[in-house]
């Protein structure tokens, strides 16, 4: 791995596809900049460029500036395409059904799918923030096949126990939980019971329960 000031850097691949939810990838890159010793590697699909423009006011140049390294979507010969290039794994945020299909079928025709395939064969975590709803049987089958190959399917379903008040609160919680899957601690997550000190009293059969 790369070195910075004598310290070994850990690499994490972040990919953004054309599915809705560009903010998840952007927030992940922002969070990684705040974690010491992490080197982020970004791949953006052509479709993601359209989604970014539709959903955010953030220029693509600013998004790329958040990453330590940028890789061309079409460059199958990039460092990320080899298992000998050590990484912590890969986060695809957001993940389109097309990308899910490519991963489930090992159809490595672009660097995002190839990088995911490499991480899976090397037994590294691949987390897919799949953005699609409702789902038909074909989608569910693709998710099952990708899971059997070792991927982690993590649709960005919002949590509410932390009492989110803004869209940012929802996005932060999801991104923080995704980074948890790589063993990366961020300040984004509001953890169950840990941040409140104790559980709230929840009525059970008309009675309060502290369990």
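The values are calculated or read from the model by the stated rules, or taken from the named source; none is laboratory data. Computed from a prediction, not measured in an experiment: that's the story for all the values here. Backbone-built Cβ (ideal geometry, glycine too); neighbour counts: all protein chains shown.
Determine whether region 182-198 contains at least one residue that is part of a loop (DSSP other than H, G, I, E, B), modelled with pLDDT of 95 or more and at negative phi.
First pass over region 182-198, keeping only residues part of a loop (DSSP other than H, G, I, E, B): 182-198.
Subsequent filtering for residues that are modelled with pLDDT of 95 or more retains 182-184.
Still in the running and at negative phi: 182, 184.
There is at least one residue in region 182-198 that is part of a loop (DSSP other than H, G, I, E, B), modelled with pLDDT of 95 or more and at negative phi.
Could you name every one of the helices (runs of 4 or more DSSP H) located completely within region 1-113 that has at least 1 residues being within 16 Å of residue 128 (Cβ to Cβ) and within 18 Å of the chain's Cα centre (by Cα)? If you could, list the steps in order and put the result at the bottom.
Details: elements: 22-33, 46-55, 60-66, 97-104.
In region 1-113, the matching helices (runs of 4 or more DSSP H) lie at 22-33, 46-55, 97-104.
Which of the residues belonging to region 120-150 are in a loop (DSSP other than H, G, I, E, B) and either touching a residue at least 24 places away in the same chain (Cβ under 8 Å) or crowded, with 16+ Cβ neighbours inside 10 Å (or both)?
The first filter runs over region 120-150 and keeps only residues in a loop (DSSP other than H, G, I, E, B), leaving 122-125, 131-136, 150.
Result: 122, 123, 124, 125, 131, 132, 150.
Which pairs turn up if I take residues in region 153-170 that are on the phi < 0 side of the Ramachandran plot and at pLDDT below 95 and look for partners that are surrounded by 12 or more Cβ atoms within 10 Å (Cβ to Cβ) and assigned to a loop (DSSP other than H, G, I, E, B) with beta carbon separation below 6 Å, at least 6 apart in sequence or on another chain?
From region 153-170, the pairs are 162/190.
Here's the yes/no breakdown for (1) farther than 23 Å from residue 108 by Cβ; (2) at pLDDT 95 or above; (3) touching a strand residue (DSSP E or B) at 6+ places or on another chain (Cβ under 7 Å):
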residue	(1), (2), (3)
32	yes, yes, yes
48	no, yes, yes
63	yes, yes, no
66	yes, yes, no
70	no, yes, yes
75	no, yes, no
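How about region 151-167: which of its residues are assigned to a loop (DSSP other than H, G, I, E, B), surrounded by 10 or more Cβ atoms within 10 Å (Cβ to Cβ) and over 15 Å from the mean Cα position of the chain (by Cα)?
159, 161, 162, 164
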